[in-house]
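A short reminder: the numbers here are calculations on the coordinates, not readings from a lab. Since this is a predicted model, take the numbers as computed values, not measurements. Neighbour counts run over all protein chains shown; Cβ positions are idealised from the backbone, glycine included.
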Amino acid sequence: MKAARTIALLLLLAPGPARAAEISQYTTSLSVDPDGAGHAVCRLVMTGGPSETLEVPLSHGAWTNFRLAEASEGLRLEPPRETSETVRVTLPAATTAPSRLTFTLDVPMALARAETPGPGIRLTMPAESRTLKYAFVNTQETLIKDFRMLVTLPEGYRFQAIREQLPRPTKSEVEPRVRLGGEGGRQNALLKVTNLRQGDDTSMLLEAVPARRSLLWLVAGVVLSGLYLAGFRNLVARSKE
């Protein structure tokens, strides 16, 4: 009986299994220049055991110029190569508080021209349109609880359509997967997903156009208005006769 009590006490005093690391927040803000190039700022909040190492999936497939902006004291980061799809992070050894990490990188061609269709294929969007295709996959075991991607268009552009937003919102989600907004005279789009586990992915395809229509559209509008007025005048004249 005494031996059983001793074993039970030892089990109670024994340390439990170490908590697996997780990414509480992963937010990327991408600002697009008029030439289509983008500049991203990635902010992460991570929790886990002391000195635990995790691989963080990078938010862009094609990127350059990785730069560390801010990190919690004691956090170690191995700068990735430009072909890498992850960045290795080691959490501090002497703290159990959430660790923060901020880094920046460049995206050579974030906003691209619409693809020219082949011979005999009709255009599905105006020739002046630009598209932004974004996709992210959590390739690692680390859970990403709150993932956000904010894209800000250059001045003089506006969103024409959201052509893709995945995964589709569940019945418990009241907001759309991609939400359009604006700040400082520039339009933006926010992609938000929660609880991304290993293998889960998310994506969006946005179409943007110049905020001011080209002169050709203006001329076409004037011509159509003139034709409408001429037809209406002839109709009135016939009715009088």
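Assorted remarks:
- Modelled FRET efficiency - R0 25 Å, LEU205 with SER84, Cβ distances, 0.05 increments: 0.50
- Counting only residues at least eight positions apart within a chain, or on another chain, the aspartates and glutamates with an alpha carbon under 13 Å from that of LYS192 are ASP146, GLU173, GLU175, ASP201.
- Each of GLU85, GLU207, GLU73 has some number of other Cβ atoms within 10 Å of its Cβ, and from fewest to most they run GLU73, GLU85, GLU207.
- If you take all other residues with their beta carbon under 13 Å from the beta carbon of LEU75, and give Lys and Arg +1 and Asp and Glu -1, the sum is -1.
- Built amide H within the under 5 Å cut-off of VAL87, gap 5+: VAL56, LEU58
- Cut-off 17 Å (backbone N to label point 7 Å along Cα→Cβ of ALA37), residues of the stretch 90-110: 104-110
- For SER59, SER84, SER99, order by how many other beta-carbon atoms lie within 10 Å, fewest first: SER84, SER59, SER99
- MET204, MET149 arranged by Cβ crowding within 10 Å, fewest neighbours leading: MET204, MET149
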